[in-house]
Amino acid sequence: IVADLLAGDPLEAALPARMPSPCTWADPALFPQIRLTGGRGALPADAVRHVTTMLQISKPGDVYPGLATVTEHCDAGSLAEFAWTLFETWRFHGMQAKDSWALHALGLLGDDETVRRLTPLVRAWPGENAHHRAVEGLTVLAAIGTDTALRHLHGISQRVPFKALKKRAREKIDEVAEGLGLTTDQLADRLVPDLGLADDGSTVIDYGPRRFTVTFDEQLRPCVRDETGKLRKALPAPGVKDDPELAPAERRRFAALKKEVRTIASDQLRRLEAAMVTGRSWTAAEFRELLVEHPLLRHLVHRLVWLGDGDGVVTAFRVAEDLTLADVHDDAWTLPADATVRLAHPLHLGDELEVWADLFADYEILQPFPQLGRPVHAFTDEEATGH
């Protein structure tokens, strides 16, 4: 199939005037097979060499069109694994700049697992005097373009010690957001994963005879309760009476969930606190869909005071556990469909601040970051009149 692609028209017209020399280190015999879809076997070694050539002559923004047919007829998972092995072989042979196509091949054939493997390397490369390679890695993440890829790209734009790389990552995120007709913040809202949680923001860890319900606290730390509702300090290890296959698998799932939430939590807490300080707003529909009804973020949303601005009237409100809205008097309140929503800063709450603080104390609601108890500084009478 691939040999025919290279020999036929119009693909032949897309070939460069000077073809690259065969890559001596990219031996198909050492790489995992590229499987055809539908269980039709795998590409022979000669065809795999042609795929490698297609990757060699492809550049970001100028991809050899024959690769589209390859991805159509070949299994995506095997292509991703092939590309990763190609990339790792390039790393083993010294990561020569002339063969950096092996890095960009990840952007053409990679998947979410590729993203998870590549991101730590991109974060580390600037510290190894490889800033340019790290920037190419950002291009690869953007090219993969899945929610997972964009989420990791956004994470780099927020949390790396290398200012130049952080700046370039922000530029990439801005480019992606602009292409989607969104702001960077709006894109970030849409990239928060639901982690497979139920609509009520929980998940069940099933050991067979025993089941544990996991929810999250004000810092998005997992909270484990047994079937009686008793809070456990941690998820217990599987016992002799638990299902020997299901229980260990579920414990591993919980460990992976806990690890992923730890990374997500720091990002979301910082984003929401920044939104409060800068006065960022959401439409009523965005607020409901992206925050209130999000299985993970709902655990933060109901611990904060919000402002709804509809018809020129600003109302402070909170989101109850059942997702209904209530005002400062704890009376039910309806958010107008055309309203905008902001996080309340203490400066906005005036005389209601202490009432809200008492209400949250009565309900024993802990906040994810200082809001109602946030220090507010004001001019003294002398300062206000004298300057």
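Could you tell me whether L291 is at pLDDT 95 or above and either farther than 21 Å from D327 by Cβ or more than 23 Å from the chain's Cα centre (by Cα) (or both)? So L291 fails the test.
In segment 173-189, the residue that is nearest to E364 (Cα to Cα) out of those that are open to solvent by 50 Å² or more (accessible area, probe 1.4 Å) and in contact (Cβ under 8 Å) with a residue 12 or more places away in the chain is D185.
Scanning segment 190-217 for residues that are among the aliphatic types (A, V, I, L, M), surrounded by fewer than 16 Cβ atoms within 10 Å (Cβ to Cβ) and over 13 Å from L235 (Cβ atoms) yields a total of 2. Residues that are hydroxyl-bearing (S, T, Y) and buried (at least 16 other Cβ atoms within 10 Å of the Cβ) within segment 140-154 comprise just one, T148. Quick one: which of G137, G61, G66 is out of contact with any Ser or Thr (no Cβ under 6 Å at 6 or more places or on another chain), over 19 Å from A164 (Cβ atoms), crowded, with 22+ Cβ neighbours inside 10 Å and small (G, A, S)? Residue meeting the stated conditions: G66. Within segment 38-55, the residues that satisfy the criterion of being open to solvent by less than 30 Å² (accessible area, probe 1.4 Å) and closer than 16 Å to M19 by Cβ are V51, T52, M54, L55. One residue is enough: does segment 271-280 have a residue meeting the conditions more than 25 Å from D147 (Cα to Cα), in contact with a Cys (Cβ under 8 Å, 6 or more places away or on another chain) and surrounded by fewer than 18 Cβ atoms within 10 Å (Cβ to Cβ)? No, every residue in segment 271-280 fails to be more than 25 Å from D147 (Cα to Cα), in contact with a Cys (Cβ under 8 Å, 6 or more places away or on another chain) and surrounded by fewer than 18 Cβ atoms within 10 Å (Cβ to Cβ). Selection of segment 177-194 for residues being in contact with a His (Cβ under 9 Å, 6 or more places away or on another chain) and either farther than 25 Å from L257 by Cβ or of a type in the set (S, T, N, Q) (or both) yields only T184.
Within segment 243-262, identify whether any single residue is exposed (fewer than 14 other Cβ atoms within 10 Å of the Cβ), at pLDDT below 95, touching a Lys or Arg at 6+ places or on another chain (Cβ under 9 Å) and outside any loop (DSSP other than H, G, I, E, B), and answer yes or no. Yes; the residues of segment 243-262 include at least one that is exposed (fewer than 14 other Cβ atoms within 10 Å of the Cβ), at pLDDT below 95, touching a Lys or Arg at 6+ places or on another chain (Cβ under 9 Å) and outside any loop (DSSP other than H, G, I, E, B). Residues that are of a type in the set (V, I, T) and touching a Ser or Thr at 6+ places or on another chain (Cβ under 9 Å) within segment 23-58 comprise just one, I34. Would it be correct to say that R133 is in contact (Cβ under 8 Å) with a residue 24 or more places away in the chain, basic (K, R), in a helix (DSSP H, G or I) and over 30 Å from E250 (Cα atoms)? Against the criterion (in contact (Cβ under 8 Å) with a residue 24 or more places away in the chain, basic (K, R), in a helix (DSSP H, G or I) and over 30 Å from E250 (Cα atoms)), R133 qualifies. When you look at E81, is it farther than 24 Å from K172 by Cα, modelled with pLDDT of 95 or more and open to solvent by 20 Å² or more (accessible area, probe 1.4 Å), yes or no? Yes: the conditions hold for E81.
The C-beta contact set for segment 364-380 (first residue more than 14 Å from A344 (Cβ to Cβ), second residue open to solvent by 90 Å² or more (accessible area, probe 1.4 Å), distance under 8 angstrom, 6+ apart or interchain) comprises F379/H387. Among the residues here, A339 does not qualify as touching a residue at least 60 places away in the same chain (Cβ under 8 Å) and either closer than 26 Å to G310 by Cα or among the charged types (D, E, K, R) (or both).
Looking at segment 68-81, I want the residues that are in contact (Cβ under 8 Å) with a residue 12 or more places away in the chain and have a partner that is among the aliphatic types (A, V, I, L, M) and open to solvent by 40 Å² or more (accessible area, probe 1.4 Å) with Cβ atoms under 7 Å, at least 6 apart or on another chain. Which pairs are those? Within 7 Å, the pairs are H73/I1. Would you confirm whether any residue within segment 95-104 is open to solvent by less than 10 Å² (accessible area, probe 1.4 Å) and either under 22 Å from A29 (Cα atoms) or over 22 Å from the mean Cα position of the chain (by Cα) (or both)? Yes, segment 95-104 contains a residue that is open to solvent by less than 10 Å² (accessible area, probe 1.4 Å) and either under 22 Å from A29 (Cα atoms) or over 22 Å from the mean Cα position of the chain (by Cα) (or both). Taking segment 159-172 as the range and being surrounded by fewer than 18 Cβ atoms within 10 Å (Cβ to Cβ) and touching a Pro at 6+ places or on another chain (Cβ under 6 Å) as the test, only F162 passes.
Here W282 fulfils each of the conditions (1) under 18 Å from the mean Cα position of the chain (by Cα); (2) not in a helix (DSSP H, G or I) apart from (1).
Residues in segment 258-274 that are touching a strand residue (DSSP E or B) at 6+ places or on another chain (Cβ under 7 Å) and over 13 Å from V192 (Cβ atoms): K258 only.
The values are calculated or read from the model by the stated rules, or taken from the named source; none is laboratory data. These numbers come from a predicted model, not from an experiment. For neighbour counting, all protein chains shown are included, and Cβ atoms are generated from backbone atoms with ideal geometry for every residue, glycine included. When the accessible area is computed, the model is the full protein with side chains, heavy atoms only, and any ligands, DNA or RNA have been set aside. Shrake-Rupley method; radii C 1.70, N 1.55, O 1.52, S 1.80 Å.
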